[in-house]
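Peer 1: One structure follows; several queries about it will come next.
The values are calculated or read from the model by the stated rules, or taken from the named source; none is laboratory data. All values derive from a computational prediction rather than experimental measurement. Here the Cβ positions follow ideal geometry from the backbone for every residue, glycine too, while neighbour counts run over all protein chains shown. We work out accessible area using only protein heavy atoms, side chains counted, and drop any ligands, DNA or RNA first. Shrake-Rupley method; radii C 1.70, N 1.55, O 1.52, S 1.80 Å.
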Amino acid sequence: MTREALATLLHPFEADVLETPGDDARVLFLGAEPGFVLPDGFGGKLTLVQGFRPHFSALVKAGHDVSQTVSGECFTAALVLCGRHRGLNELRVADALERTGPGALIVVAGGKEDGVASLRKRLSGSFAVEGSLSKYHGVALWLRRPADPQPAIEALRAENGSVLVEGRFTAAPGMFSHDRVDAGSKLLAQHLPAELAGKVADFCAGWGYLAVEVAERCRKVKSLDLYEADFASLEAARANLGAALAGSPAAPTAGFYWHDLVVEPVAERYDAIVMNPPFHTGRAAEPGLGQALIGAAARALKPGGQLLVVANRQLPYEASLSGAFSAVQKLAEDQGFKVLRAKR
């Protein structure tokens, strides 16, 4: 279902409060999500930026020009769609300021639950916000890129830089649990079987914590593949695992896959899979997402292979595991999480 914030973002053009870009315009759309409908007369070339694989794939399928990361310069306008992560929203505004030309229109919008009101207050401290409009339970605001945006860009990025977690992992705003090791992942790491061996995968790898723990705790692992839908998180995992394994003569070979495990088949087959699956895409819990990922793991395991999964204690994953695996056992339960092991 299309987020209402998409409609909020384009509403100032629909309402004729803002003039639609002309045919010669180059418009940067940061955080673009599928399902948006451009207002009549909205011209120019759209360049979309989206690092979440499911959204990226849907946008490509719809015929849009999409990149995982921002590039290019001197765009004549920019659209910024806010999400749940305050730091990422501010970083997207910084990117819009950096990539547009002087005087370019920058429109920012998000749902009220996305903290758009506090973002407006934050931006107003650096330059004038020209106007705003409320619609569809959200707020759109707009400003003009100043001749010298560098002070604002530096301020936004300085407060939302990369974070060093536990003195050894690097993560950034917008990533899952970017400022600490998630308690569920830590519990799973503490119960990794030492005999884990052969070809192993980390599904929903995030910024790489579990993969590093597997490589360091399970010395019989020969290869370790990381699957992650968020492009930035996967790149962080690549760096974190590389740093952890640097100089180790017995380090497993590593593979990195920007992948939507729910709909994209996994070509490889594994002796074991570790997984801390997400259980929501928005704010509401969606147990079906985790259940779909359990199905993907079952299909990717060799006969006799095992899945080690951590989940919130109340999530009903045991039934899905029992339907796809020959044996299921609970290894641990603590701090609202449970660790389950299932044999193919």
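Peer 1: Does SER223 satisfy being hydroxyl-bearing (Ser, Thr, Tyr), at pLDDT 95 or above and under 21 Å from the mean Cα position of the chain (by Cα)? Step through it out loud before you land on a result.
Peer 2: Numbers: hydroxyl-bearing (Ser, Thr, Tyr): yes; at pLDDT 95 or above: yes; under 21 Å from the mean Cα position of the chain (by Cα): no.
For SER223, the condition - hydroxyl-bearing (Ser, Thr, Tyr), at pLDDT 95 or above and under 21 Å from the mean Cα position of the chain (by Cα) - is not met.
Peer 1: Take LEU261 and tell me if it is within 16 Å of GLY206 (Cβ to Cβ) and hydrophobic (A, V, I, L, M, F, W, C).
Peer 2: Details: within 16 Å of GLY206 (Cβ to Cβ): yes; hydrophobic (A, V, I, L, M, F, W, C): yes.
Considered against the rule, which asks whether it is within 16 Å of GLY206 (Cβ to Cβ) and hydrophobic (A, V, I, L, M, F, W, C), LEU261 comes out as yes.
Peer 1: Which one is surrounded by the fewest Cβ atoms within 10 Å (Cβ to Cβ) among residues in region 7-56 that are more than 15 Å from the chain's Cα centre (by Cα) and in a helix (DSSP H, G or I)?
Peer 2: It comes out as GLU14.
Peer 1: Any residue in region 239-259 that is in contact with a Gly (Cβ under 9 Å, 6 or more places away or on another chain) and under 20 Å from GLY295 (Cα atoms)?
Peer 2: Checked region 239-259: at least one residue is in contact with a Gly (Cβ under 9 Å, 6 or more places away or on another chain) and under 20 Å from GLY295 (Cα atoms).
Peer 1: Being in contact with a helix residue (DSSP H, G or I) (Cβ under 6 Å, 6 or more places away or on another chain) and not in a loop (DSSP other than H, G, I, E, B) is the filter; apply it to region 153-169 and report the residue that is surrounded by the fewest Cβ atoms within 10 Å (Cβ to Cβ). Full working, then the answer.
Peer 2: Applying the first criterion (in contact with a helix residue (DSSP H, G or I) (Cβ under 6 Å, 6 or more places away or on another chain)) to region 153-169 yields 153, 156-157, 160, 169.
Then drop every residue that is not not in a loop (DSSP other than H, G, I, E, B), which leaves 153, 156-157, 169.
Details: ILE153: 18, LEU156: 23, ARG157: 15, PHE169: 23.
Per the stated criteria, the residue is ARG157.
Peer 1: So is ARG86 farther than 28 Å from SER134 by Cβ, in contact with a Ser or Thr (Cβ under 8 Å, 6 or more places away or on another chain), open to solvent by 40 Å² or more (accessible area, probe 1.4 Å) and in contact (Cβ under 8 Å) with a residue 40 or more places away in the chain or not?
Peer 2: Spelling it out, it is not the case that ARG86 is farther than 28 Å from SER134 by Cβ, in contact with a Ser or Thr (Cβ under 8 Å, 6 or more places away or on another chain), open to solvent by 40 Å² or more (accessible area, probe 1.4 Å) and in contact (Cβ under 8 Å) with a residue 40 or more places away in the chain.
Peer 1: Which of the residues spanning region 316-337 are open to solvent by less than 50 Å² (accessible area, probe 1.4 Å) and over 22 Å from ALA300 (Cβ atoms)?
Peer 2: Scanning region 316-337 gives ALA332, GLY336, PHE337.
Peer 1: Assess whether VAL181 counts as being more than 23 Å from ALA250 (Cβ to Cβ), among the hydrophobic types (A, V, I, L, M, F, W, C) and open to solvent by less than 10 Å² (accessible area, probe 1.4 Å). Walk me through how you get there before you give the answer.
Peer 2: Working: more than 23 Å from ALA250 (Cβ to Cβ): yes; among the hydrophobic types (A, V, I, L, M, F, W, C): yes; open to solvent by less than 10 Å² (accessible area, probe 1.4 Å): no.
So VAL181 fails the test.
Peer 1: Do we find that LEU321 is touching a helix residue (DSSP H, G or I) at 6+ places or on another chain (Cβ under 9 Å) and at pLDDT 95 or above in this structure? First the steps, then the outcome.
Peer 2: On the way: touching a helix residue (DSSP H, G or I) at 6+ places or on another chain (Cβ under 9 Å): yes; at pLDDT 95 or above: no.
It is false that LEU321 is touching a helix residue (DSSP H, G or I) at 6+ places or on another chain (Cβ under 9 Å) and at pLDDT 95 or above.
Peer 1: With in contact with a strand residue (DSSP E or B) (Cβ under 8 Å, 6 or more places away or on another chain), assigned to a helix (DSSP H, G or I) and of a type outside the set (Val, Ile, Thr) as the only criterion, which of GLY290, GLY295 stands out? Break it down stepwise before answering.
Peer 2: Details: GLY295 fails: in contact with a strand residue (DSSP E or B) (Cβ under 8 Å, 6 or more places away or on another chain).
After applying the criteria, what remains is GLY290.
Peer 1: Part of a strand (DSSP E or B), among the basic types (Lys, Arg) and open to solvent by 70 Å² or more (accessible area, probe 1.4 Å) - does that describe any residue in region 276-285? Walk me through how you get there before you give the answer.
Peer 2: So the first thing to find is which residues in region 276-285 are part of a strand (DSSP E or B), and the list is none.
Checked region 276-285: no residue is part of a strand (DSSP E or B), among the basic types (Lys, Arg) and open to solvent by 70 Å² or more (accessible area, probe 1.4 Å).
Peer 1: Give me a count of the residues in region 77-100 that are under 20 Å from HIS137 (Cα atoms) and in a strand (DSSP E or B). Step through it out loud before you land on a result.
Peer 2: Here is the first cut: in region 77-100, the residues under 20 Å from HIS137 (Cα atoms) are 79-86, 89.
After this cut, where a residue has to be in a strand (DSSP E or B) as well, the list is 79-81.
So the answer is 3.
Peer 1: List the number of the failed condition for GLY103; all other conditions in (1) in contact with a helix residue (DSSP H, G or I) (Cβ under 9 Å, 6 or more places away or on another chain); (2) part of a strand (DSSP E or B) hold.
Peer 2: (1) is the only condition that GLY103 fails.
Peer 1: Are any of the residues in region 144-152 open to solvent by less than 70 Å² (accessible area, probe 1.4 Å) and of a type in the set (Gly, Ala, Ser)?
Peer 2: Within region 144-152, the first condition is being open to solvent by less than 70 Å² (accessible area, probe 1.4 Å), and the residues that meet it are 145-146, 149, 152.
When the remaining residues are screened for being of a type in the set (Gly, Ala, Ser), the result is 152.
Looking through region 144-152, at least one residue is open to solvent by less than 70 Å² (accessible area, probe 1.4 Å) and of a type in the set (Gly, Ala, Ser).
Peer 1: Confirm whether ARG99 is open to solvent by 20 Å² or more (accessible area, probe 1.4 Å), in contact (Cβ under 8 Å) with a residue 40 or more places away in the chain and either more than 18 Å from THR20 (Cα to Cα) or of a type outside the set (Ser, Thr, Tyr) (or both).
Peer 2: Numbers: open to solvent by 20 Å² or more (accessible area, probe 1.4 Å): yes; in contact (Cβ under 8 Å) with a residue 40 or more places away in the chain: yes; either more than 18 Å from THR20 (Cα to Cα) or of a type outside the set (Ser, Thr, Tyr) (or both): yes.
It is true that ARG99 is open to solvent by 20 Å² or more (accessible area, probe 1.4 Å), in contact (Cβ under 8 Å) with a residue 40 or more places away in the chain and either more than 18 Å from THR20 (Cα to Cα) or of a type outside the set (Ser, Thr, Tyr) (or both).
Peer 1: Also, I was wondering about something else. Could you say which residue among VAL139, VAL116 is open to solvent by less than 60 Å² (accessible area, probe 1.4 Å) and without any contact (Cβ under 8 Å) to a residue 40 or more places away in the chain? Before the answer, list the steps.
Peer 2: Working: VAL139 fails: without any contact (Cβ under 8 Å) to a residue 40 or more places away in the chain.
Checking each option against the conditions leaves just VAL116.
Peer 1: Regarding region 230-239, can at least one residue be identified that is farther than 21 Å from THR69 by Cβ, basic (Lys, Arg) and open to solvent by 40 Å² or more (accessible area, probe 1.4 Å)?
Peer 2: Taking region 230-239 and keeping what is farther than 21 Å from THR69 by Cβ, we get none.
No, the conditions are met nowhere in region 230-239.
Peer 1: Go through region 255-274 and report how many residues are open to solvent by 60 Å² or more (accessible area, probe 1.4 Å) and not β-branched (Val, Ile, Thr). Outline the logic, then answer.
Peer 2: Initially, region 255-274 is screened for residues open to solvent by 60 Å² or more (accessible area, probe 1.4 Å), giving 257, 262-263, 265, 267-269.
Filter once more, keeping what is not β-branched (Val, Ile, Thr): 257, 265, 267-269.
Qualifying residue count, region 255-274: 5.
Peer 1: Let me ask something else about it. Suppose we filter GLY43, GLY35 for residues that are without any contact (Cβ under 8 Å) to a residue 40 or more places away in the chain and either in contact with a strand residue (DSSP E or B) (Cβ under 7 Å, 6 or more places away or on another chain) or within 19 Å of GLY101 (Cα to Cα) (or both); which single one remains? Give the derivation first.
Peer 2: Numbers: GLY35 fails: either in contact with a strand residue (DSSP E or B) (Cβ under 7 Å, 6 or more places away or on another chain) or within 19 Å of GLY101 (Cα to Cα) (or both).
Exactly one residue qualifies, and that residue is GLY43.
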